[in-house]
Amino acid sequence: MKLVPIITSLLHNLESGQFLRRFFLDFEGTGLAIGFDPEFKLIYTDLEEQLPTYLAALAQVVAQAESELLLQLDVRRDRKITAVRGAWNNYRDTDVVAKKEAYNQLKPLINTYKNLATENYEAESLGIDNYIAGLKSTEHLPLVQLLNMIEQIDELEAANNLFKTTFNNRSNTTVSTVVYNTKLLKKNIFTTYKELAKYCLTMANRRTPSPYFVTALEAINNGRSYYANIIAHRNGNGGTTPPVNPAV
C-alpha cells in the first residue's frame, strides 16, 4: 500500500484545518478503536490534542483578515463621501444662477452629513443610506442632476452596499487576546500528522499486514486524495498529475 501523494504546505490556511478535521472524521467512520495499538494511540492523541489550538489560531487569522478587509472598504466609502461633497463644491463659485441656487439649496443636506466618515461602522452605513435617500429624493434629485453629482452618488451607494454585505457576512469569530504563532503551530501539527501517516503506512506494509492499519491507511488516503485534487486543480493540471516529490 502507498500514501496518496500530497504537499501539505500547499494547503491554504483554512484548508489545512479542514484537512485535519477530515482525517479524524474518516478515521472515526471506520469504527476502529484508537487503543488497538499503543504507539498509534500515542501519536493520534497528540495530534488530536493539538487540533483545537491550531483551529483557534486559524480562526484568529480569518478574523484579522476580515477586519483588515472591512477597514479597506470603509476607507474606500469614506473617499466616496468626499467625492460627493467635492462634486457639489465644484459649483461654489459658479456664475450660473440656476446652479448657484442648486448649490445653496443642497448645502443644508450636504452639511448635515459632513462628519459621516467619523461614525462607527454601522452608524456610518445607516447614515450613508439616509444621505443617499435625501440626495435622490423628489426634492433634491433635480438639483443633484443639475450639478452632475449622480455618478459620485451612485459610486458612494455601491461602496456602501459592498461594505454592508461584507460586514453582515463576516464570521462571528471573536479575536481572543491570545496571540498564536500560526506558522509554528502548523509546522508542529503537520509533523505529528506525517508521523502518524508514516507509522500507518509502515504497519500496513509489514510482512503480515495488519487489517487494522490497512483500514486506517485507507481513511488517511481518503482526505489526502480529496485535497490533492483540490491543489492540482488550483495549480492548473486538472487533478490528473500527482505532485512531484510529494511530502508525506
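Go through (1) open to solvent by 50 Å² or more (accessible area, probe 1.4 Å); (2) part of a helix (DSSP H, G or I) for residue 80 and report which single condition fails. For residue 80, the exception is condition (1). Sub-6 Å Cβ pairs linking a first residue in region 210-239 that is on the phi > 0 side of the Ramachandran plot to a second residue that is open to solvent by 20 Å² or more (accessible area, probe 1.4 Å) and not basic (Lys, Arg), at least 6 apart or interchain, are 239/229; 239/233, ordered by first then second residue. Which of the residues that make up region 26-77 are more than 26 Å from residue 227 (Cβ to Cβ), of a type in the set (Asp, Glu) and surrounded by fewer than 17 Cβ atoms within 10 Å (Cβ to Cβ)? Listed by number, the list holds a single entry, 68. Kindly evaluate residue 105 against the criterion of being modelled with pLDDT under 95 and assigned to a helix (DSSP H, G or I). No.
I'd like the full set of residues that are in a loop (DSSP other than H, G, I, E, B) and at negative phi, limited to region 2-46. Those that are in a loop (DSSP other than H, G, I, E, B) and at negative phi: 2, 3, 4, 5, 6, 7, 11, 12, 32, 33, 37.
Among the residues of region 189-214, the ones that are modelled with pLDDT of 95 or more and either of a type in the set (S, T, N, Q) or in a loop (DSSP other than H, G, I, E, B) (or both) come to 2 in all. Got at least one residue in region 107-118 being within 20 Å of residue 158 (Cβ to Cβ), open to solvent by less than 70 Å² (accessible area, probe 1.4 Å) and of a type in the set (Ser, Thr, Tyr)? Yes - at least one qualifying residue is present in region 107-118.
Under the condition of being touching a helix residue (DSSP H, G or I) at 6+ places or on another chain (Cβ under 6 Å), polar (S, T, N, Q) and under 12 Å from residue 228 (Cα atoms), the residues counted in region 1-25 number 1. Within region 45-63, residues that are in contact (Cβ under 8 Å) with a residue 40 or more places away in the chain sit with their Cβ atoms under 7 Å from residues that are charged (D, E, K, R) and part of a helix (DSSP H, G or I), at 6+ positions apart or across chains, in these pairs: 54/186. All conditions but one from (1) open to solvent by 50 Å² or more (accessible area, probe 1.4 Å); (2) touching a helix residue (DSSP H, G or I) at 6+ places or on another chain (Cβ under 8 Å) apply to residue 131; the one that does not is (1).
The values are calculated or read from the model by the stated rules, or taken from the named source; none is laboratory data. Since we're looking at a predicted model, the values are computed, not measured. Neighbour counts are summed over all protein chains in view; Cβ atoms, including those assigned to glycine, are modelled from backbone coordinates with ideal geometry. All accessible areas refer to the heavy atoms of the entire protein, side chains included, with ligands and DNA or RNA removed. Shrake-Rupley method; radii C 1.70, N 1.55, O 1.52, S 1.80 Å.
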